[in-house]
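First the structure, in the form of structure tokens, and then the observations on it.
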Amino acid sequence: MSEQRFGEFVVVRKDGHVAELVLDRPKAMNAVSSEMARSLGAACDALAADASVRVTVLTSSNDRAFCVGADLKERNSFTDAELVRQRPTARAAYTGVLELPMPTVAAVHGFALGGGFELALACDVIVADGTAVVGLPEVSVGVIPGGGGTQLLPRRVGAARAAELVFTARRVEAAEARELGLVDLLAEDARTGALELAGRIAVNSPVGLRAAKKAMRLGQGLDLRAGLEVEDAAWRSVAFSGDRAEGVAAFNEKRKPEWPGE
């Protein structure tokens, strides 16, 4: 296993083809400061460029929280001009996770509130355990979800349900969160469950995984005919790949594939 630190508050661990992107500001329950946002963006840039990573799991080093959102103590010290200047840094952190090219899994243990829940929503699958408490409470402090929440939550649970959750700013515990579709899987321990899921994903073709994610992301919201064109373009991008040739050969030879990743 290898480990690389990005600034003081973000760590990337790699074990084989699975990367663990660790939010590591435990004393602040992973509140996203400007420094942490810059580090998260840099870590995502490095992961996106690493062709050996087939799955990324987003985890926390804090035993009480996945992430409690923006660092409101820091925000309270900002002038209006400083807040405007900080906005691109904050956005880059959330879009960095959202635009990772490989499948992503969030492991939600404890509080995932505001920007913390938005980081989880930016992932493809959310695994939670019984400690999880999620929500988008931004309107209770005079703002709106600004890390993708107003767009990602309706796509996940529908417009009316998302509106109720955003407008009430309420917190949702694990069982209800699973029932409402705010999280996808419940595990005894979120990190363990997420890493196990990542392991099951990582045995598959890295070319296929990235192309399938791209097709699903680009096709979302399109009408069926346009979506099928997106899918066809993605199929053409993998149909003549080394991974496709190896996958078919391995199937016929009744062995595990050794993916070239190209």
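The values are calculated or read from the model by the stated rules, or taken from the named source; none is laboratory data. Nothing here was measured: the structure is a model prediction, and the numbers come from that model. Reconstructed Cβ throughout: ideal geometry from the backbone, glycine too, with neighbour counts over all protein chains shown. Side chains included, ligands, DNA and RNA excluded: accessible areas come from the protein's heavy atoms. Shrake-Rupley method; radii C 1.70, N 1.55, O 1.52, S 1.80 Å.
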task = Evaluate segment 129-142: report whether one residue or more is touching a residue at least 40 places away in the same chain (Cβ under 8 Å), under 19 Å from the mean Cα position of the chain (by Cα) and over 22 Å from ARG25 (Cα atoms).
result = no
ask   = Going by the conditions given, is SER77 at pLDDT 95 or above, out of contact with any Pro (no Cβ under 7 Å at 6 or more places or on another chain) and not basic (Lys, Arg)?
value = no
query = Tell me, which residue of segment 205-248 that is free of Cβ contacts under 8 Å to residues at least 12 places away in the same chain and not in a helix (DSSP H, G or I) is most open to solvent (accessible area, probe 1.4 Å)?
reply = PHE240
request  = Within segment 29-65, track down each residue that is assigned to a helix (DSSP H, G or I) and in contact with a Leu (Cβ under 9 Å, 6 or more places away or on another chain).
outcome  = MET36, LEU40, ALA43, CYS44, LEU47, ALA48
inquiry  = As an exercise: evaluate GLY221 against (1) closer than 28 Å to ARG155 by Cβ; (2) at pLDDT 95 or above; (3) out of contact with any His (no Cβ under 9 Å at 6 or more places or on another chain) and give the number of the one condition it does not meet.
reply    = (2)
query = Looking at (1) in contact with a Leu (Cβ under 9 Å, 6 or more places away or on another chain); (2) within 30 Å of PHE111 (Cβ to Cβ); (3) of a type outside the set (Lys, Arg), can you tell me which one LEU186 breaks?
reply = (1)
query = When only residues in segment 9-48 that are more than 21 Å from GLY147 (Cβ to Cβ) and more than 16 Å from the chain's Cα centre (by Cα) count, which is most open to solvent (accessible area, probe 1.4 Å)?
reply = LYS27
